[in-house]
Amino acid sequence: ALTVTSSFISGLIFVFEWWHFRKYGTSFIEQVSVSHLRPLIGGAESSPPAPAAFSAGDNESSRQNMPECKVWRNPLNLFRGAEYSRYMWVTGKEPLTYYDMNLSAQDHQTFFTCDTDALRPSDTVMQKAWRERNPQARIKAAYQALELNNDCATAYVLLAEEEATTIVDAEKYFKQALKAGEMIYRKSQNCHSQSPQHEAQLRRDTNVLVYVKRRLAMCARKLGRIREAVKMMRDLMKEFPLLSMLNIHENLLEALLELQAYADVQAVLAKYDDISLPKSAAICYTAALLKARAVSERFSPETASKRGLSTAEINAVEAIHRAVEFNPHVPKYLLEMKSLVLPPEHILKRGDSEAVAYAFFHLQHWKRIEGALNLLHCTWEGSKYLLLLFFCLYPSKMVGSLSTNQSMVPVLHWVCSKTSL
């Protein structure tokens with residue numbers, strides 16, 4: 001009776017945990033542990049909410065204490081005029097949802113406006129431009145701002161994002177924005193200590209400069225000048241080291257993978273795959289890809305079932321499992337079980353949108369490494385069936401493993417030995 005009762009309760013917990021994760025993308029048990037049990041046993045209090053904008057003035061401690069937000073701006077988001085608009089021209093369908101574009105409008109107002117905009121007529125016009133819903137109205141306002149001030153950096157940014165129909169044209173606009181932005185940034189640096197308004201202006205000008213440099217690096221990457229793009233990203237991260245929350249390192253990881261500079265990729269991962277920083281699919285799956293690269297070419301499920309897994313293979317399987325645990329939606333896109341669409345401008349961490357954004361840019365890197373997708377497929381499929389088998393045979397151990405939130409790979413090996421698999 002005790003066995004039946006415990007198995008029934010374990011089954012209910014497992015089904016509820018599965019349903020909660022499918023619907024909300026997070027573990028209910030993990031949430032309860034962090035939110036309610038951790039404070040009772042003396043853990044740290046929950047961190048303050050993340051700030052709306054990130055600037056060079058943010059200190060290191062606030063960066064490390066920042067909680068993992070749900071919705072993030074996609075660090076590899078496409079250009080509206082040069083890329084998203086092509087899809088609309090061909091299909092007649094909008095590539096972005098209204099919700100996504102509304103979030104972008106809020107980002108633009110946060111990054112590119114400040115309280116001192118009323119002192120400069122061109123910035124006042126641009127403040128209204130970022131609020132416009134009609135793309136043509138925004139472009140018209142940008143030209144009006146340039147008539148008032150030919151060095152209005154944000155006007156060039158808007159034209160590069162929305163009017164330019166090719167990456168080459170977008171790069172030209174961004175170069176003009178860079179020239180204007182650097183000049184305004186130097187002026188703001190000289191007088192930022194005079195008043196709080198000047199400090200806010202410096203933060204805004206810093207945001208504009210970082211945004212422009214990043215997009216120029218992305219233009220170079222898309223135009224095939226990958227080494228130049230890598231240098232620009234490294235310089236940007238060195239110049240503004242406290243802006244890691246903008247995830248510039250994810251742009252760098254993708255460019256380094258394209259160069260097949262795997263040692264440099266590992267060095268970047270060693271710096272940013274840290275428990276104090278929010279995880280992402282790019283970090284987790286890139287770490288798994290590097291581990292898989294060491295064994296995937298010679299990996300065979302039949303051979304592994306006879307001789308067992310080597311230490312390197314176990315490390316690769318565990319890395320893949322950790323990545324799948326972080327975002328279980330990615331394998332279906334990498335294995336092309338689900339069709340890819342254009343990635344959105346904002347992603348939901350651990351959600352389907354993050355999986356789309358990751359696979360859209362990184363599928364080619366997985367295909368380039370022979371056997372990597374095969375190892376991913378074997379690990380992913382094997383985990384699903386063994387988890388089901390393990391739940392049927394040993395439900396109490398299943399609940400214990402979920403509650404401690406540890407890697408299931410050693411447990412699955414134990415199941416194999418118990419069931420002669």
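If we keep just the residues of the range 145-161 that are among the acidic types (Asp, Glu) and over 15 Å from residue 216 (Cα atoms), which is surrounded by the most Cβ atoms within 10 Å (Cβ to Cβ)?
If we take residues in the range 145-161 being among the acidic types (Asp, Glu) and over 15 Å from residue 216 (Cα atoms), then 151 is surrounded by the most Cβ atoms within 10 Å (Cβ to Cβ).
Please report, ordered by residue number, the helices (runs of 4 or more DSSP H) entirely within the range 82-172 with at least 3 residues that are more than 21 Å from residue 342 (Cβ to Cβ) and over 25 Å from the mean Cα position of the chain (by Cα).
Answer list for the range 82-172: 121-129, 135-148, 153-158.
Does at least one position in the range 123-137 carry a residue that is crowded, with 19+ Cβ neighbours inside 10 Å and over 19 Å from residue 212 (Cα atoms)?
yes
Of the residues that sit in the range 166-204 and are in contact with a Lys or Arg (Cβ under 8 Å, 6 or more places away or on another chain) and in contact (Cβ under 8 Å) with a residue 40 or more places away in the chain, which one is surrounded by the fewest Cβ atoms within 10 Å (Cβ to Cβ)?
Among those residues, the one meeting the criterion is 167.
Of all the residues that make up the range 4-33, how many are modelled with pLDDT of 90 or more and of a type in the set (Ser, Thr, Tyr)?
Going through the range 4-33 one residue at a time, the tally reaches 4.
Out of the range 333-362, which residues are surrounded by fewer than 19 Cβ atoms within 10 Å (Cβ to Cβ) and more than 27 Å from residue 103 (Cα to Cα)?
If the condition is that a residue be surrounded by fewer than 19 Cβ atoms within 10 Å (Cβ to Cβ) and more than 27 Å from residue 103 (Cα to Cα), then 335, 336, 337 are the ones that fit.
From 83, 68, 45, 94, which residue is open to solvent by 80 Å² or more (accessible area, probe 1.4 Å), of a type in the set (Asp, Glu) and at pLDDT 85 or above?
Sole residue among the options that is open to solvent by 80 Å² or more (accessible area, probe 1.4 Å), of a type in the set (Asp, Glu) and at pLDDT 85 or above: 94.
Suppose the filter is in contact (Cβ under 8 Å) with a residue 24 or more places away in the chain and in a loop (DSSP other than H, G, I, E, B); does residue 213 pass it?
Here the answer is no, as residue 213 does not meet what is asked.
One residue is enough: does the range 224-242 have a residue meeting the conditions within 20 Å of residue 168 (Cβ to Cβ) and outside any helix (DSSP H, G or I)?
Yes - at least one qualifying residue is present in the range 224-242.
Please go through the range 343-402 and pick out each residue that is of a type in the set (A, V, I, L, M) and either modelled with pLDDT of 60 or more or not in a helix (DSSP H, G or I) (or both).
Those that are of a type in the set (A, V, I, L, M) and either modelled with pLDDT of 60 or more or not in a helix (DSSP H, G or I) (or both): 347, 348, 355, 356, 357, 359, 363, 369, 372, 373, 375, 376.
The values are calculated or read from the model by the stated rules, or taken from the named source; none is laboratory data. Note that this is a predicted model, so its numbers are computed, not measured. Cβ sites come from the backbone with ideal geometry, for glycine too, and all protein chains shown count toward neighbours. All accessible areas refer to the heavy atoms of the entire protein, side chains included, with ligands and DNA or RNA removed. Shrake-Rupley method; radii C 1.70, N 1.55, O 1.52, S 1.80 Å.
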